[in-house]
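Notes for the one structure printed next.
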């Protein structure tokens, strides 16, 4: 299974800087990934906290669709309890047409407590509401007959979309999964893909060997086809440079701020203590096994190990961040595209085989070339002399 590559863009922008320019950099990044041959980009929905400032991933991705040509564009994720399911289905269908069939629908229950609080949503209702809404959205996207449905928090009356998705039977759909089995269970039940967004934490990584089993069990119980690991996407942070020391040096200041200023100070994430230095935090994240800060060779080794731990997955999504300069960030994505992606996609084995064959046979091959040149000189000395390959004819 050839691994695909993309970005999971929350995004994370430090509060206090120009938000318009930050969004422009996000669009610029997706354009760069499109040029480099990345496969996917997933963009999140958030409404509080001051760092993750994209409120409507569909609107952002519509703009990104005008700057890209092949990159698939997904909502990563739409928080379903915040929306009427009909609106979600209608918007993602429009995005599929605007991007000429490149849209993907990623869904979740909602992550930031402030978002749910603003909307008066009780946190304990979010996961069951997501599950209920997801089933209705899939029906709206795929079924031919109008749908009537009365739930606890939304209702449909002979509802049907004006447009069907450009991709048939529908666009790729995936559900966010963290440490609990809820996301994997929902994916199996509804026959869709998975976005493992907590796989870079120690707890998330430890849970991953068991995660796919939850998906398989739920699929069997719902009488869905066995889930395909190609539809499993794993998110983890990376930054690549010419050496491990340089990679950590590049990101340590931004990484420390991301952890201390946002997750701890702004959000108050429980069971998380401030890091003393960005270098120590980077080492901790790498030792836990989820993050890779180093060289392309380090990234290749990391992905092969992650494949072994999970049993196999289809797409690696780098966690989008701005922990260093724009130039170094672009360079990191370029190193991934030039040296890591080809190794995981079997793009270089035939090139290397050709090189090895040429190396093994170069003496006999060159000997044959020399023999051919000598023969040509002997047969036509005047022509050879005219191009400097034979003795010059003495002037009379």
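Values in this text are rule-based calculations from the coordinates and carry no lab data. Computed from a predicted model, the values in this text were never measured in an experiment. Cβ: placed from backbone, ideal geometry, glycine included. Neighbour counts: every protein chain shown.
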Item to check | Using a Förster distance of 41 Å, the FRET efficiency for residue 347-residue 269 (Cβ separation, nearest 0.05) | outcome: 0.55
Next on the checklist: I want the antiparallel fraction of DSSP beta bridges within the range 4-349, as a percent rounded to 5.
Outcome noted: 10 percent
Item to check | Degrees separating the helix 278-287 axis from the principal Cα axis of the chain, which is the longest one | outcome: 90 degrees
Next on the checklist: Nearest 10 degrees is fine. How inclined is helix 244-257 to the longest principal axis of the chain, computing both from alpha carbons?
Outcome noted: 20 degrees
Checklist entry - What length, rounded to one decimal in nm, is gained on full extension from residue 69 through to residue 361, with 0.36 nm per residue of separation minus their alpha-carbon distance? => result 100.9 nm
Item to check | FRET efficiency for residue 17 and residue 220, using Cβ-Cβ distance with R0 set to 35 Å, rounded to 0.05 | outcome: 0.10
Item to check | In degrees, nearest ten, helix 126-142 long axis to first principal axis of the chain (Cα) | outcome: 60 degrees
Next on the checklist: On the Cα set of the range 144-192, report Rg and Dmax in Å, please.
Outcome noted: 14.3, 38
Checklist outcome for this item: Note to self: C-alpha centroids of the range 236-298 and the range 329-354 sit apart, in Å, by 24 Å
Checklist entry - Given the options 332, 79, 354, which has the most mean-square fluctuation in a GNM of the chain, springs set between C-alpha atoms less than 10 angstrom apart? => result 354
Next on the checklist: Under 10 °C and 1.306 mPa s, how fast does the range 109-162 diffuse according to Stokes-Einstein, given a Kirkwood radius computed over C-alpha pairs? Answer in µm²/s, whole number.
Outcome noted: 127 µm²/s
Checklist entry - In nm, what is the difference between 0.36 nm times the number of residues separating residue 124 and residue 24 and their Cα-Cα distance? => result 32.4 nm
Checklist entry - When all alpha-carbon pairs of the range 11-61 are counted, what percent fall beyond 17 Å? => result 35 percent
Item to check | Share, in percent, of DSSP beta bridges within the range 50-192 that are antiparallel, nearest 5 | outcome: 25 percent
Next on the checklist: Given the DSSP H assignment, sum -39500 (n - 2.57) over each helix run of at least 4 residues in the chain and divide by its residue total; what's the result at 222 nm in deg cm²/dmol, nearest 500?
Outcome noted: -14500 deg cm²/dmol
Checklist entry - Principal axis lengths of the chain from Cα atoms, whole Å, largest first? => result 106, 57, 41
